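Shown next, in structure tokens, is the structure this report addresses.
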Amino acid sequence: SALTISAGKFGVESLAAHNILMRLFFFLAPFGDATGMGAQSFLPASLYPLDRKSYLATIRRLGAVAIITAIILGNASAGLVQATGTFLARDGLLLQLIKKQSPYLAMTLFLHPLVALMEGSVIATRDFR
């Protein structure tokens, strides 16, 4: 991918740090994907026939689940990097690069459930226009 090529330009350690952080993302991302699947599953029932109260209640519940999931995933990624740093990599420079880039992973995993919820909502409402 383009990210791998860009990371490779900065050296082997940078590419290895990128690879480790991508693996952590793909390990934790399915928990965020569940919010999009929930929207696709639960929104159509409130859209047909249109029940505005039920629709808003469903959106609020799904939003709350997405926010809670986002907070948990953001903190879990930061905690994983801090707690398992020496398990992920033994090289000092590599550990330093991973810890330096881990806030970006945390932010990405924080935003992921919210984006998945929006995407699931769009997919769920697409059939009722």
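The values are calculated or read from the model by the stated rules, or taken from the named source; none is laboratory data. The structure presented is a predicted model; accordingly, all values stated were derived computationally and were not measured. FYI the Cβ positions are ideal-geometry reconstructions off the backbone, even for glycines, and counts take in every protein chain you see. Please note that ligands, DNA and RNA were not included when accessible areas were found on the heavy atoms of the full protein model with its side chains. Shrake-Rupley method; radii C 1.70, N 1.55, O 1.52, S 1.80 Å.
Out of these labelled values of P(r) over Cα pairs in 10 Å bins from 0, in percent, [x] 12, 23, 17, 14, 12, 9, 6, 4, 2, 1, 0; [y] 9, 10, 9, 8, 8, 8, 7, 6, 6, 5, 5, 4, 4, 3, 3, 2, 1, 1, 0; [z] 13, 34, 24, 17, 9, 2, which was calculated from the coordinates shown here? Checked against the structure: label [z]. Per residue, the chain exposes 65 Å² of accessible surface when a 1.4 Å probe is rolled over the protein heavy atoms with every protein chain present.
Using a probe of 1.4 angstrom, how much of the accessible area of the chain is carbon and sulfur, in percent? Carbon with sulfur: 67 percent of the solvent-accessible area.
Where only DSSP H runs of four or more residues are counted, the chain gives -31000 deg cm²/dmol as its mean residue ellipticity at 222 nm, each run worth -39500 (n - 2.57).
Net charge in the neighbourhood of Phe42 (other residues with Cβ under 13 Å of its Cβ; Lys, Arg +1, Asp, Glu -1) is +1. Across region 97-111, coupling constants 3J(HN,Hα) worked out from phi with the 6.51/-1.76/1.60 Karplus curve, θ = phi - 60°, read 5, 5, 5, 5, 8, 4, x, 5, 5, 4, 5, 4, 6, 5, 7 Hz, and Gly and Pro carry x. To the nearest ten degrees, helix 12-47 and the longest principal axis of the Cα atoms of the chain are 10 degrees apart. Bridging of Lys9 to lysines at a Cα separation below 28 Å is possible for Lys99, Lys100, once same-chain residues fewer than 8 apart are set aside.
The fraction of all Cα pairs in region 43-99 landing in successive 10 Å bins from 0 to the largest distance is 21, 26, 18, 15, 14, 6, given as whole percents. Could you give the angle, 0 to 90 degrees to the nearest 10, between helix 52-83's Cα long axis and the longest principal axis of the Cα atoms of the chain? That helix lies at roughly 10 degrees to the long axis. Calculated translational diffusion coefficient of region 79-129 (10 °C, 1.306 mPa s; Stokes-Einstein with Kirkwood radius over alpha-carbon pairs) equals 120 µm²/s.
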